[in-house]
Amino acid sequence: AQKVTQAQTEISVVEKEDVTLDCVYETRDTTYYLFWYKQPPSGELVFLIRRNSFDEQNEISGRYSWNFQKSTSSFNFTITASQVVDSAVYFCALSEASISNNFNKFYFGSGTKLNVKP
Amino acid sequence: GAVVSQHPSRVICKSGTSVKIECRSLDFQATTMFWYRQFPKKSLMLMATSNEGSKATYEQGVEKDKFLINHASLTLSTLTVTSAHPEDSSFYICSAGYRGALYYGYTFGSGTRLTVV
């Protein structure tokens, strides 16, 4: 069965510190997608990244970077030089790859609340 | 990009009344809509999956008679919480799959915060 684990419930850092949010997943599928979403207090989910299971290249987008390691079933997210505006709940999610034109549900982790203090 | 508009964003209703939440796809055809529920400080849990023109598929433990889902068109899916009670107070969010030229993706509505008093 699919499962996503975010062991860190809450993290507090001081502005400009780097912070890594951990995500470990379980799936029996060979093809799947991994996602990270940001949820600010207003509630909407802000898409950050989607990664195909065949693509293990790390990705960097500005202050954000992601480390995907299939060998350890992990998809960790690092924020460099954190800012107060980064304060939010971050969710890691897993979805099976689409077959037969079907869209598939997400399995969300429990979320990590990041507090960035000035 | 693909946008799903979800309304209302907040609703307060009296216990025993019904509440309807709408999700509209603005610039694509949403053949599949997912409805998630999020309790305070908790993760998002899938309630049901609806495909246009067919009955929704509910996750185990979700009461289909209480959470009515209608997906009668390719641009509109609705979730009706019937005879709402305080324990139904939660954050409800819809998600739709869409197909682009080269790949497919998912987009989420902005969510509805339901408070039953």
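For residues that are in contact with a Ser or Thr (Cβ under 6 Å, 6 or more places away or on another chain) and within 17 Å of B:Val116 (Cβ to Cβ), scanning just the stretch B:17-27, find the one that is most open to solvent (accessible area, probe 1.4 Å).
Per the stated criteria, the residue is B:Lys20.
Residues are listed down the side, and each one gets a yes or a no for (1) farther than 23 Å from B:Gly105 by Cα; (2) open to solvent by 40 Å² or more (accessible area, probe 1.4 Å); (3) under 11 Å from the mean Cα position of the chain (by Cα); (4) at pLDDT 95 or above:
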position: A:Asn52; (1), (2), (3), (4): no, yes, no, no
position: A:Gln57; (1), (2), (3), (4): no, yes, no, no
position: A:Ile60; (1), (2), (3), (4): no, yes, no, no
position: A:Asn67; (1), (2), (3), (4): no, yes, yes, yes
position: A:Ser71; (1), (2), (3), (4): yes, yes, no, no
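Would you mind finding the one in B:Tyr106, B:Tyr58 that is modelled with pLDDT under 95 and of a type in the set (Ser, Thr, Tyr)?
Matching residue, one of B:Tyr106, B:Tyr58: B:Tyr106.
With (1) under 18 Å from A:Leu45 (Cβ atoms); (2) touching an Asp or Glu at 6+ places or on another chain (Cβ under 8 Å); (3) free of Cβ contacts under 8 Å to residues at least 60 places away in the same chain; (4) of a type in the set (Ser, Thr, Tyr) as the list, and B:Tyr36 as the residue in question, which single condition is left unmet?
All conditions pass for B:Tyr36, except number (2).
For residues that are buried (at least 19 other Cβ atoms within 10 Å of the Cβ) and modelled with pLDDT under 95, scanning just the stretch A:20-44, find the one that is nearest to the other protein chains (Cβ to nearest Cβ).
A:Tyr33
Which residue, of B:Ser83, B:Ser77, B:Ser110, B:Ser95, is polar (S, T, N, Q), within 17 Å of B:Val11 (Cα to Cα) and within 14 Å of chain A (Cβ to nearest Cβ)?
Selected residue: B:Ser110, the only one of B:Ser83, B:Ser77, B:Ser110, B:Ser95 that is polar (S, T, N, Q), within 17 Å of B:Val11 (Cα to Cα) and within 14 Å of chain A (Cβ to nearest Cβ).
Which of the residues belonging to the stretch B:38-60 are over 18 Å from A:Asn104 (Cβ atoms) and either open to solvent by 80 Å² or more (accessible area, probe 1.4 Å) or within 14 Å of the chain's Cα centre (by Cα) (or both)?
B:Gln38, B:Phe39, B:Pro40, B:Lys41, B:Lys42, B:Lys55 - these are the residues of the stretch B:38-60 that are over 18 Å from A:Asn104 (Cβ atoms) and either open to solvent by 80 Å² or more (accessible area, probe 1.4 Å) or within 14 Å of the chain's Cα centre (by Cα) (or both).
Exactly one of these conditions fails for B:Ala30: (1) in a strand (DSSP E or B); (2) open to solvent by less than 60 Å² (accessible area, probe 1.4 Å). Give me its number.
Exception for B:Ala30: condition (1).
If A:Ala81 satisfies every condition in (1) more than 14 Å from chain B (Cβ to nearest Cβ); (2) without any contact (Cβ under 8 Å) to a residue 60 or more places away in the chain; (3) among the hydrophobic types (A, V, I, L, M, F, W, C); (4) part of a loop (DSSP other than H, G, I, E, B) but one, which is the exception?
Result: A:Ala81 passes all but (2).
What is the number of the single condition among (1) among the aromatic types (Phe, Trp, Tyr); (2) surrounded by 16 or more Cβ atoms within 10 Å (Cβ to Cβ); (3) in contact (Cβ under 8 Å) with a residue 12 or more places away in the chain that A:Phe47 does not meet?
Among (1) among the aromatic types (Phe, Trp, Tyr); (2) surrounded by 16 or more Cβ atoms within 10 Å (Cβ to Cβ); (3) in contact (Cβ under 8 Å) with a residue 12 or more places away in the chain, the lone unmet condition for A:Phe47 is (2).
The values are calculated or read from the model by the stated rules, or taken from the named source; none is laboratory data. Only a predicted model underlies this, so the values are computations on that prediction, with no experimental measurement involved. Glycine also receives a Cβ, built like all others from the backbone with ideal geometry; neighbour counts cover every protein chain displayed. Side chains included, ligands, DNA and RNA excluded: accessible areas come from the protein's heavy atoms. Shrake-Rupley method; radii C 1.70, N 1.55, O 1.52, S 1.80 Å.
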